[in-house]
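This report concerns only the one structure given below.
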Amino acid sequence: MDVQDKRAIVEAEPGDELGNSEWVVVTQAMIDHFSHATLDDDPMHADPQWAAEKGPFGKTVAYGFLTMSLLTHMLHSAMNDGPARDPERTGYFLNFGFNRMRLITPVPVDSRVRGKFRLADRTRDRAGRTRLAIAVEIEIEGEERPALAGTWLAVWVPPSHG
């Protein structure tokens, strides 16, 4: 990845669209892996038979935290880049948290979702790091309302010698 690509988000102006990700299919295997990794076996997500017979949606749905966790992949897709492999040359991003994150519409198994990103704010701290507020939305193909919407906070730490 070119250093300039990494800095594009840091140099964007508030209000600038950062892009949309490619579509991602949320499969039952993905939901099951998330269930195992988080030690959460809620049958609404992890048991297709139970969800079909007793669940409120007629099938399994993605965990809300799974939907949120796709944001990193989706931002890389939208920016046509990947995680920094050489932070001494490119700098790196650190998660700082979220503001007003809302899970709006459940994501049914086998749905296609994609992220939409816009720079909401950018400030610089005394250490020379850039703090970013990124407006995020994950849309579900064919649905009017998004799966989630909120503001993702990040800190960009510049290269130590460049």
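HN-Hα J couplings of segment 59-66 from phi, Karplus 6.51/-1.76/1.60, θ = phi - 60°, integer Hz, Gly and Pro as x?
Values, residue by residue: 6, 5, 10, 5, 4, x, 5, 5 Hz.
Along Cα→Cβ, 7 Å out, is where each label goes; now give me the distance between the ones at THR27 and LYS54 in nm to one decimal.
The answer from the label model is 2.8 nm.
Which value in Å does the Kirkwood hydrodynamic radius of the chain take, with 1/r averaged over all unlike C-alpha pairs and then inverted?
Across the chain, the inverse of the average 1/r is 16.9 Å.
Given the -39500 (n - 2.57) contribution per DSSP H run of 4+ residues, what per-residue ellipticity at 222 nm results for the chain, rounded to the nearest 500 deg cm²/dmol? Write out the running numbers ahead of the final one.
Details: 7 runs with 50 residues, N = 162.
Per the formula, -8000 deg cm²/dmol.
Sort ARG124, ARG129, ARG100 so the one with the fewest other Cβ atoms within 10 Å of its own Cβ comes first.
Numbers: ARG124 11, ARG129 18, ARG100 8.
Fewest-to-most Cβ neighbours within 10 Å comes out as ARG100, ARG124, ARG129.
Short version: ³J(HN,Hα) in whole Hz for each residue of segment 14-22, in order, from phi by Karplus 6.51 cos²θ - 1.76 cosθ + 1.60 (θ = phi - 60°), x for Gly and Pro, what are they?
x, x, 5, 6, 9, x, 10, 7, 6
Cut-off is 10 Å between beta-carbons; in what order do SER77, SER160, SER69 appear when sorted fewest neighbours first? Please list the in-between numbers first.
Working: SER77 20, SER160 9, SER69 14.
Placing the least packed residue first, the sequence is SER160, SER69, SER77.
Values quoted throughout were computed directly from the atomic coordinates according to the rules given, and no laboratory measurement underlies them. What you are looking at is a predicted structure, and each value in this text was computed from that prediction instead of being measured. With ideal geometry, Cβ positions are generated from the backbone for all residues, glycine too; neighbour counts draw on all protein chains shown.
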